[in-house]
Amino acid sequence: MTLRILATGGTFDKHYNEIKGELGFGNSHLRDVIARTRMTIPVALQLLELKDSLDMGEADRQQVRAACAASAETAIVIIHGTDTMRETAEVLGAAQLAKCIVLTGAMIPYEIAGSDALFNFGFACAAAQILAPGVYVAMNGQVFAWDNVQKNRAAGVFQAPA
């Protein structure tokens with residue numbers, strides 16, 4: 001089994017620019033993240049355009065869907081911004097691709113102390129290997145079906161709808 005990792009950006013992959021005092025995108029952190037996990041499963045990393053998920057549109061979501069559909073791998077982890085993760089998961093859920101697709105991200109960028117990125121990544125990689133085919137969101141130690149999750153912005157966590 002090979003695990004497909006799709007990177008779309010989001011807070012997970014943002015860099016802090018000390019001069020401008022801003023977060024933005026440079027090179028993806030995923031190669032370093034994968035090395036740090038010391039995973040022994042083969043990984044196929046695919047970098048899509050890195051974007052803040054608030055800047056993603058329907059064409060971007062269709063690109064993610066097409067990448068998943070074209071993947072030879074049946075276990076896929078998507079690194080995605082948390083603000084519109086649910087919308088992309090909905091597109092993937094409707095596609096019914098007969099693969100296990102797990103979306104994850106981070107509330108704090110990977111390169112900043114206290115980030116949840118490394119944990120969420122490892123957790124999502126494990127989930128993608130053991131869950132049945134379907135579309136899931138894996139964040140902060142919980143896995144949710146794509147159609148039973150929402151972001152609680154006030155608490156900074158994902159949860160099932162009330």
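The values are calculated or read from the model by the stated rules, or taken from the named source; none is laboratory data. Since the model is a prediction, treat every value here as computed from it, not as a measurement. All Cβ positions, glycine included, derive from the backbone under ideal geometry; neighbour counts span all protein chains shown.
Kindly provide the set of residues from the range 127-156 that are surrounded by 16 or more Cβ atoms within 10 Å (Cβ to Cβ) and outside any loop (DSSP other than H, G, I, E, B), ordered by number. ALA127, ALA128, GLY134, VAL135, TYR136, VAL137, ALA138, MET139, VAL143, PHE144, LYS151 - these are the residues of the range 127-156 that are surrounded by 16 or more Cβ atoms within 10 Å (Cβ to Cβ) and outside any loop (DSSP other than H, G, I, E, B).
In the range 15-37, the condition of being more than 19 Å from ALA117 (Cβ to Cβ) and in contact (Cβ under 8 Å) with a residue 60 or more places away in the chain is met by no residue. Across the range 74-87, the qualifying residues are those that are in contact (Cβ under 8 Å) with a residue 40 or more places away in the chain and over 10 Å from the mean Cα position of the chain (by Cα), and the one among them that is nearest to LEU54 (Cα to Cα) is ASP83. Among the residues in the range 46-56, are any of a type outside the set (Asp, Glu), more than 15 Å from GLU111 (Cα to Cα), part of a helix (DSSP H, G or I) and modelled with pLDDT under 95? Yes, that holds for at least one residue. Residue check: is ILE101 part of a strand (DSSP E or B), hydrophobic (A, V, I, L, M, F, W, C) and either under 26 Å from GLN150 (Cα atoms) or without any contact (Cβ under 8 Å) to a residue 24 or more places away in the chain (or both)? Considered against the rule, which asks whether it is part of a strand (DSSP E or B), hydrophobic (A, V, I, L, M, F, W, C) and either under 26 Å from GLN150 (Cα atoms) or without any contact (Cβ under 8 Å) to a residue 24 or more places away in the chain (or both), ILE101 comes out as yes.
Looking only at residues of the range 84-105 that are surrounded by fewer than 21 Cβ atoms within 10 Å (Cβ to Cβ) and among the small types (Gly, Ala, Ser), we find that the one that is nearest to ARG38 (Cα to Cα) is ALA98.
Would a scan of the range 5-25 turn up a residue that is part of a loop (DSSP other than H, G, I, E, B), crowded, with 17+ Cβ neighbours inside 10 Å and at positive phi? Within the range 5-25 (the criterion being part of a loop (DSSP other than H, G, I, E, B), crowded, with 17+ Cβ neighbours inside 10 Å and at positive phi), the answer is yes, since at least one residue qualifies. Scanning the range 127-144 for residues that are touching a Lys or Arg at 6+ places or on another chain (Cβ under 9 Å) and not β-branched (Val, Ile, Thr) yields ALA128, PRO133, GLY134, MET139. Kindly establish whether ILE108 is of a type outside the set (Lys, Arg) and surrounded by fewer than 18 Cβ atoms within 10 Å (Cβ to Cβ). Against the criterion (of a type outside the set (Lys, Arg) and surrounded by fewer than 18 Cβ atoms within 10 Å (Cβ to Cβ)), ILE108 qualifies.
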